[in-house]
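The values are calculated or read from the model by the stated rules, or taken from the named source; none is laboratory data. For clarity, every value in this text was computed on a predicted model and none was experimentally measured. Glycine also receives a Cβ, built like all others from the backbone with ideal geometry; neighbour counts cover every protein chain displayed.
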Amino acid sequence: MGKADIAVKNWLGNNERFADLFNGIVFGIVFGGRQVIRPEELENMDRETDIIVPGKDGERKGVQRYRDLVKRWRKKVDLAVLACEAQNNVNYAMPVRNMTQDGLSYTDQIRALWQKREQERKNGHRMKKLTGEEYLSRFGKDDRIFPVITLVFYYDVKKWDGAQELYDMFEIDTELKEAEVLKRYIPNYRINLIDAGNMEHLERFETDLQQVFGMLQCRGEKQKLQKYIQDNRHFFECVDVETYQVMLEFLQSRKIMKNIILTEKEDKIDMCKAMDDWYADAVREGRKAGEELGRADGLAKGRAEGRMEGRKAIIISMLSKGLSAEEIKNYTNGTDEEIECARKEMGN
């Protein structure tokens, strides 16, 4: 697991944020984001699930899976198992993967109930006599398990182009009448996909999920991103380091962070200032490079060529800082041809 994965999972694992995510997604339409799940009602569960499966040859084999995040939602009694899988790339087998994990979660609940019954029996508690069917099932007729809800939190820039349900993974000719008959007997399984960069109804979220989801909608558009951050200064002027690091992973940019590491000593970061400094550095470095090249030739022709080379150096510096073509033209009065020439010189 890479550092980026760990940072995102730790960030989402915060109980307030985790509850807000489920409230906004699962209960958002009916309850409008109201706090149905409260942070204090969540308990961390073991992310590892493993069962022993008898093989055809009589040998017992272990099946083991790890969840990214899994919590028990309980009030006076258990209500549900809530899980979240963080994805920074498309998993084309996600329906089967999630279905397997959910199935193991249910199996684990059944096993836990049976183990509890066995332990109580060993401790001398009076137990209801089991029928043969219950004993073979290792599950009592009146036993109950809790629903498992899994969200897939996808945060890559690329649009999710994988299957979103089990039926999407089948190669069935839907024009055949037999296909409709098959579907009646094949249970479907749908993943609960969250495309973090294309969220709607951000008002349903009460934590910083609202601002982060809004920021992700500006990915790849530097001016739009800067404007969004400035319009939401009340939040972005005081961002905790953990959230800031996760935002950079979502934006897939480490350039701002390099500046922050050198200047920030506190546990809060002014992202508005970081963005302003980032843009200012790009312009300043470009102008400096241009002036140095311009001074290299004192002749009139040399000055003209120096200015052209200087502007090219400015453009190259700005491109390396991630500025868009539109922003570069605003700062330098450069042409599309000059920007394209600079790109080619950089090897892009």
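Taken residue by residue, segment 177-190 has no member that is acidic (Asp, Glu) and either on the phi > 0 side of the Ramachandran plot or surrounded by 12 or more Cβ atoms within 10 Å (Cβ to Cβ) (or both). Can you pull out the residues in segment 13-39 that are in a loop (DSSP other than H, G, I, E, B), touching a residue at least 12 places away in the same chain (Cβ under 8 Å) and more than 15 Å from the chain's Cα centre (by Cα)? Those that are in a loop (DSSP other than H, G, I, E, B), touching a residue at least 12 places away in the same chain (Cβ under 8 Å) and more than 15 Å from the chain's Cα centre (by Cα): Val26, Gly32, Gly33, Gln35, Val36, Ile37, Arg38. Meeting the requirement of 3 or more residues that are surrounded by 13 or more Cβ atoms within 10 Å (Cβ to Cβ) and modelled with pLDDT under 75, the helices (runs of 4 or more DSSP H) wholly within segment 206-296 are 255-263, 271-295. Selection of segment 312-348 for residues being part of a loop (DSSP other than H, G, I, E, B), touching an Asp or Glu at 6+ places or on another chain (Cβ under 8 Å) and among the hydroxyl-bearing types (Ser, Thr, Tyr) yields only Ser324. When Met127 is tested against (1) touching a Lys or Arg at 6+ places or on another chain (Cβ under 6 Å); (2) modelled with pLDDT of 90 or more, exactly one condition is not met: (2). Return only the number of the condition from (1) part of a strand (DSSP E or B); (2) surrounded by 19 or more Cβ atoms within 10 Å (Cβ to Cβ) that Arg72 does not satisfy. Failed condition: (2).
Considering every residue within segment 96-104, establish whether at least one is within 30 Å of Leu216 (Cα to Cα) and of a type in the set (Lys, Arg).
Of segment 96-104, the ones within 30 Å of Leu216 (Cα to Cα) are 96-99, 101-102.
Now drop any that are not of a type in the set (Lys, Arg), which leaves 97.
Yes: one or more hits.
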